[in-house]
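Asker: Got a structure here, written out as structure tokens. Questions coming.
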């Protein structure tokens, strides 16, 4: 399951970080670098449990890695 999480992490992290940065940029056009960096860091932190959950579900359904 850990290997599956590591495979999914770059995809999930990039998606969540991109969505968070776009949300910050769409809310405030004069945003400096701090809110953008905080949004990207928040997306990265949130991506770990999501990758773990999705990886666990994939392993449970497919039996990959057992």
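Asker: For the subset of the range 1-23 comprising residues that are in contact (Cβ under 8 Å) with a residue 60 or more places away in the chain and assigned to a helix (DSSP H, G or I), which member is surrounded by the fewest Cβ atoms within 10 Å (Cβ to Cβ)? Break it down into steps so the answer makes sense when it comes.
Answerer: Let us first name the residues in the range 1-23 that are in contact (Cβ under 8 Å) with a residue 60 or more places away in the chain, namely 1, 3-4.
Now restrict to residues that are assigned to a helix (DSSP H, G or I): 3-4.
Working: 3: 11, 4: 19.
Out of the qualifying residues, it is 3.
Asker: Just the residues that are surrounded by fewer than 13 Cβ atoms within 10 Å (Cβ to Cβ) and assigned to a helix (DSSP H, G or I), please, taken from the range 24-37. Write out each step before concluding.
Answerer: Step one: list which residues in the range 24-37 are surrounded by fewer than 13 Cβ atoms within 10 Å (Cβ to Cβ), which gives 26-30, 32-34, 37.
Within the range 24-37, 26, 27, 33, 34, 37 qualify.
Asker: Among the residues that make up the range 46-63, is at least one of them under 11 Å from the mean Cα position of the chain (by Cα), over 16 Å from residue 7 (Cβ atoms) and in contact (Cβ under 8 Å) with a residue 24 or more places away in the chain?
Answerer: Scanning the range 46-63, I find at least one residue that is under 11 Å from the mean Cα position of the chain (by Cα), over 16 Å from residue 7 (Cβ atoms) and in contact (Cβ under 8 Å) with a residue 24 or more places away in the chain, so the answer is yes.
Asker: Pull up the range 39-56, narrow it to residues that are at pLDDT 95 or above and surrounded by fewer than 16 Cβ atoms within 10 Å (Cβ to Cβ), then point me to the one that is farthest from residue 13 (Cα to Cα).
Answerer: My answer is 53.
The values are calculated or read from the model by the stated rules, or taken from the named source; none is laboratory data. Note that the structure is a prediction, hence the values are computed from the model and not measured. A quick note on method: Cβ atoms are made from the backbone with ideal geometry, for glycine too, and the neighbour counts reach across all protein chains shown.
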